[in-house]
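Worksheet: the structure to be examined is printed underneath.
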Amino acid sequence: MLLYPVLDARFGSGLLRRRARRVMAREERATVSALVERLPATVLDWSDGHATLAPLDVIEPRRPLMSLSSSGGGRWWVGPREVRPELSEIADSGAAYDSVFALWPCDPDVPQCGWGCTQGPSDATFGAGFSSISTDHWRTLLTDPDPEQGYVHEWLHQVEAVYRELGLTEAELPGLHDAGAFTSRRPVDEPPFGRTYAEYHDGFGGHTGARTWSPWYRDWMTGRLVPAGERLSAADGERLSAAETPIGLTAERWAMRGASGT
């Protein structure tokens, strides 16, 4: 985790060149740091022990971020170019990471690439997956039922890129944004209660939404997904769990990464 407290960046070109400045507030930094510390345990729990972000190192560069990169469509992010000095220093030390996050404060006038943006492993990040998240959302973490969910989401985009490269199809591992097309193999008295994950999150038939995608991430990471058109009773779920090809990352699929040497 590269935690940048200060943004003092120039971006754009020609007459459109601008400057963005912001410094993380003390409470903002404390809230985000506390969430980061919980991420390894959260991933371990949600994946039934198949994965974790550990060891997790948090590095706070002393320099401000001096630029932003275009993500297309007039939007901007802190990309691999911006964090290259820190990544080069880490690589020179002989250390290597599977995953890199850049956390940074954004100027509210800067159009961002999204809540967070992610790319899979590349030479630009010395073979690590890369996620960039501005911390402007930090106040929502105080009321979010699962405040880690956005960070887990971006990390899972890194995971998805790795397993696509290893050959898993969308029939075996659906796209991370396909929650509306699936429900769970779990008994119907467990979230998402026989509904699609999107219905569980957003609400349905007068029921208030749960505002969390955690059941989707849990089942995506444990191979418990079922197409929404095949909603199951608890008994059906027990029968099919042994009889049908699982959808999602089972223990065997998680192990593909180690078997390939990646």
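Observations
- Within-9-Å neighbourhood charge of Ser214 [Cβ basis; K, R +1; D, E -1]: -1
- With Cα atoms, 0 to 90° folded angle of helix 80-92 axis to the chain main axis: 90
- Distance between region 183-221 and region 58-101 - C-alpha centres, whole angstrom: 35
- Solvent-accessible area, 1.4 Å probe, carbon plus sulfur percent, for the chain: 52
- Rounded Å value of the spacing that divides the Cα centres of region 121-147 and region 5-34: 15
- Other residues lying with their Cβ under 9 Å from the Cβ of Ser67 contribute a combined charge of +1, Lys and Arg counting +1, Asp and Glu -1.
- Sequence-distant residues sharing a close amide H with Leu176 (under 5 Å, placed H): none
- Counted charge near Val162, where neighbours are those whose Cβ lies closer than 12 Å (Asp, Glu -1; Lys, Arg +1): 0
- Packing-based ranking of 49-58, 108-117 yields 108-117, 49-58, ordered from highest to lowest mean Cβ neighbour count within 10 Å.
- Calculated on C-alpha atoms, the gyration radius of the chain divided by its Kirkwood radius gives an Rg/Rh of 1.00.
- The chain - Cys residues lacking any other Cys C-beta under 4.7 Å: Cys106
- Angle in degrees between helix 26-46 and the longest Cα principal axis of the chain, rounded to the nearest 10: 30
- Cα long-axis angle, helix 234-243 against the chain (0 to 90 degrees, to the nearest 10): 80
The values are calculated or read from the model by the stated rules, or taken from the named source; none is laboratory data. Just so you know, these numbers come straight off a predicted model, no measurement behind them. With ideal geometry, Cβ positions are generated from the backbone for all residues, glycine too; neighbour counts draw on all protein chains shown. For the accessible areas, the whole protein counts, side chains as well, though only heavy atoms, and no ligand, DNA or RNA atoms are used. Shrake-Rupley method; radii C 1.70, N 1.55, O 1.52, S 1.80 Å.
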